[in-house]
Amino acid sequence: MPELPEVETIRRELERFLPGRTIGEAAISPEAPRLVHWPPQVAEFCRGLEGQRIEATKRRGKYLLFRLSDGKSWVVHLRMTGALLHRPQGCASDAFVRATFRLDDGTWLCFRDVRKFGMMWLVDDPEEVVGKLGPEPLGNGFSPADLAGLSRRRAPIKAVLLDQTTLAGLGNIYADEALFEARIHPQRLASSLSEEEVSRLQKAIVNTLNRAMADRGSSFDSYVDPKGEK
């Protein structure tokens, strides 16, 4: 599943051409009945996007957030195999393309998803979707104090780090890497960590994510950027 470095890499690529573009046509494949989530139905979701200008591209944890000209937000979670691809002349006849979005410059955004676990929302306030997420590990002010709650968690530290209410954006790949760098066994109970170990872990998380960002993420499986490149 794409984690924070992969999703942020995608966001940065989309930031180069999406802001200012207007969505002219949106379509969801009948083969993706679970792609659109509350509150709108598929037809209402598509109508809500059409004619809207994309004002900004943001990220929260593993979620992509597109702020629209009517004040609403289009929220996308790629889940395991989702990819947002930017194509100059339409979406190819690909059985795994689940949604298409034509832009006013004639280019297209194509949502490709082999496993069909991807999710999209159209909401008045993105907090309706991402409000329960924990702190951003690359956000300003992230410190060992943000991990103080670990002392109350009697669960393996890796499982706690994968809980998105603990920390937003971390998944299997980078939880493993950060714990290895911090010299903490992933099966240690979170509550057993000393203050020094929590501080070491916080630094390792930041270092690991920054290194991954510099490499534009990790294409272990299906992750590709909007150009379709690993």
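Nonpolar atom fraction for region 90-227, defined as the carbon and sulfur part of the 1.4 Å probe accessible area, stands at 51 percent. Taking the DSSP beta bridges with both ends in the chain, the antiparallel portion is around 95 percent. Each Lys or Arg adds one and each Asp or Glu subtracts one; over the other residues with Cβ under 14 Å from the Cβ of Glu31, this totals +3.
Placing +1 on each Lys and Arg Cβ and -1 on each Asp and Glu Cβ, with no other charges, gives the chain a dipole about its Cα centre of roughly 320 debye. Can you pull the Rg over Rh of region 40-128, Cα-only, Kirkwood? Rg divided by Rh gives 0.94. The spacing between region 93-160 and region 17-68, judged by their C-alpha centroids, is 14 Å. What region 119-217 shows is 50 Å² of accessible area per residue, with the surface traced by a 1.4 Å probe over protein heavy atoms.
Measuring from each cysteine beta-carbon in the chain, the ones with no other cysteine beta-carbon under 4.7 angstrom are Cys46. Legend: distances between Cα atoms for Lys58/Lys227; Lys58/Lys116; Lys72/Lys158; Lys116/Lys158; Lys72/Lys227; pairs beyond 30 Å are Lys72/Lys158. The residues neighbouring Leu103, those whose beta-carbon lies less than 15 Å from its own, together hold a net charge of -2 under the Lys/Arg +1, Asp/Glu -1 convention. Shape class for region 21-75, computed from the alpha carbon gyration tensor (a ≥ b ≥ c): oblate, with a/c not under 1.5 and a/b at or below b/c.
Within the shell defined by Cβ-Cβ distances under 11 Å, the residues around Ser191 carry a net charge of +4, with Lys and Arg each +1 and Asp and Glu each -1.
The values are calculated or read from the model by the stated rules, or taken from the named source; none is laboratory data. Computed from a prediction, not measured in an experiment: that's the story for all the values here. Cβ: placed from backbone, ideal geometry, glycine included. Neighbour counts: every protein chain shown. Surface accessibility is based on the protein's heavy atoms, side chains included, excluding ligands, DNA and RNA. Shrake-Rupley method; radii C 1.70, N 1.55, O 1.52, S 1.80 Å.
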